[in-house]
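Undergrad: Below: one structure in structure tokens.
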Amino acid sequence: MGLADTRSMTDIARNLLTIRARIKSAAQNPAKVGLIAVSKGQGAEKIALALAAGQKTFGENRVQEAKAKFTALRAAHKGLGLHLIGPLQTNKALEAVQLFDVIETLDRPRLAEALMKAVEKTGRKLEFFIEINIGAEPQKAGIAPEELGSFLQFCRAQCGLNVTGLMCIPPHGRDPAPFFKRMKELADRFSLPRLSMGMSGDFEEAIRQGATDVRVGTAIFGNREN
Ligand SMILES: *Cc1c(COP(=O)(O)O)cnc(C)c1O
């Protein structure tokens, strides 16, 4: 698309076009990389503009905020997909299972059990990613890489959860490449096809290391309102 064509577009449509082009040049197989537009802290108008520009998958990190913003949109837009990318309390598991298509922050046995009950109750088919604390940071959620094997087994065998991938947020202010690389090795070792990593500042590196789902917020929507 030439400059003349992009001039009439909204900022968000133009940003999406740019991000998609960057994904394409970073990926060996661009069809395998999904773009999650992270709309936390962004208002309804901006989400509407992204939808109008063809964006279908969104990420939110709070159940209540996502419910308020997406309940009506979900009913109106076929094919809209919603990922939970923030920490989930067990007492919100049912609401989360009712609303989201992918829960990326499965990180402890008690949550897995609560999600199992919610899945049984609702009959919804959703996917789960296990969050890995890849930088072994004490303040961060996620399970240790050494525990992935037993936790995955627990989620699948004990809880019947459809775990299809891994997710991480690497340590702030450090080169993310080695962390992304270790995530790819873990995903491969456990034959998990999906790998959610990379944000506005590092999604191309994440893709080069094997990300299948990149979570991009500010580079699409600009600064958050809250
Ligand atoms: C906010 C957030 C993002 C998006 O961050 P940007 O820097 O705005 O792209 C991605 N992943 C998670 C888990 C987040 O909380």
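The values are calculated or read from the model by the stated rules, or taken from the named source; none is laboratory data. Everything numeric in this text was worked out from a predicted model, so none of it was measured. Backbone-built Cβ (ideal geometry, glycine too); neighbour counts: all protein chains shown. Ligands, DNA and RNA are stripped out before the accessible areas are found, and what is left, the full protein with its side chains, is counted by its heavy atoms. Shrake-Rupley method; radii C 1.70, N 1.55, O 1.52, S 1.80 Å.
Undergrad: Rounded to the nearest whole Å², what accessible area per residue is found for region 145-214 with the 1.4 Å probe?
TA: Value returned for region 145-214: 47 Å² of accessible area per residue.
Undergrad: Ignoring ligands, DNA and RNA, what percent of the 1.4 Å accessible area of the chain is carbon and sulfur?
TA: 51
Undergrad: In Å², what does the accessible area per residue of region 30-105 work out to with a 1.4 Å probe? List each step's numbers first, then the result.
TA: Values: 3210 Å² over 76 residues.
For region 30-105, the per-residue accessible area is 42 Å².
Undergrad: Something else now. How large is the direction-averaged shadow of the alpha-carbon convex hull of region 24-111, in nm²? Provide the component values of the computation, followed by the final result.
TA: Values: hull surface 27.1 nm².
Taking the Cα atoms of region 24-111, their convex hull projects to 6.8 nm² on average.
Undergrad: Over the alpha carbons of the chain, what is the largest minus smallest coordinate on each principal axis, giving the biggest first in Å?
TA: Projected onto the principal axes, the Cα atoms of the chain cover 56, 39, 30 Å.
Undergrad: Average projected area of the Cα convex hull of region 158-226, in nm²?
TA: 6.2
Undergrad: Rounding to the nearest 10 and keeping the result within 0 to 90°, find how far the Cα-based axis of helix 11-26 lies from the longest principal axis of the chain.
TA: Rounded to the nearest ten degrees, it is 60.
Undergrad: Once you place label points 7 Å from the Cα toward the Cβ at A75 and E147, how far apart are they in nm?
TA: 4.0
Undergrad: Of the cross-linked pairs K125/K181; K46/K184; K92/K121; K78/K121, which ones have a Cα-Cα span greater than 21 Å in the structure shown?
TA: Beyond 21 Å: K125/K181; K46/K184; K78/K121.
Undergrad: Now for a separate question. How much length is gained on full extension from K56 to N91, taking 0.36 nm per residue of separation minus their Cα-Cα distance?
TA: Details: separation 35, 0.36 × 35 = 12.60 nm, distance 2.80 nm.
Length difference between fully extended and current span is 9.8 nm.
Undergrad: Consider just the alpha-carbon atoms of region 97-148 and return their Rg together with their Dmax, both in angstrom.
TA: 12.2, 35
Undergrad: Of the chain, which part is the longest with no trypsin sites (Lys or Arg not before Pro) in a loop (DSSP not H, G, I, E, B) and with at most 10 other C-beta atoms within 10 angstrom?
TA: 8-77
Undergrad: In whole Hz, with x marking every Gly and Pro, tabulate ³J(HN,Hα) for region 52-67 from phi via Karplus 6.51 cos²θ - 1.76 cosθ + 1.60, θ = phi - 60°.
TA: Each residue's phi maps through the Karplus curve to give 4, 8, x, 6, 10, 10, 10, x, 10, 10, 10, 4, 5, 4, 5, 4 Hz.
Undergrad: Another one. At 7 Å along the Cα-to-beta-carbon direction for both E137 and K24, put a label point, then send me their distance in nm to one decimal.
TA: Spacing of the two 7 Å Cα→Cβ label points: 3.3 nm.
Undergrad: With each run of n ≥ 4 DSSP H residues scored as -39500 (n - 2.57), what mean residue ellipticity at 222 nm is computed for the chain after dividing by its residue count and rounding to the nearest 500 deg cm²/dmol?
TA: Computed mean residue ellipticity for the chain: -12000 deg cm²/dmol.
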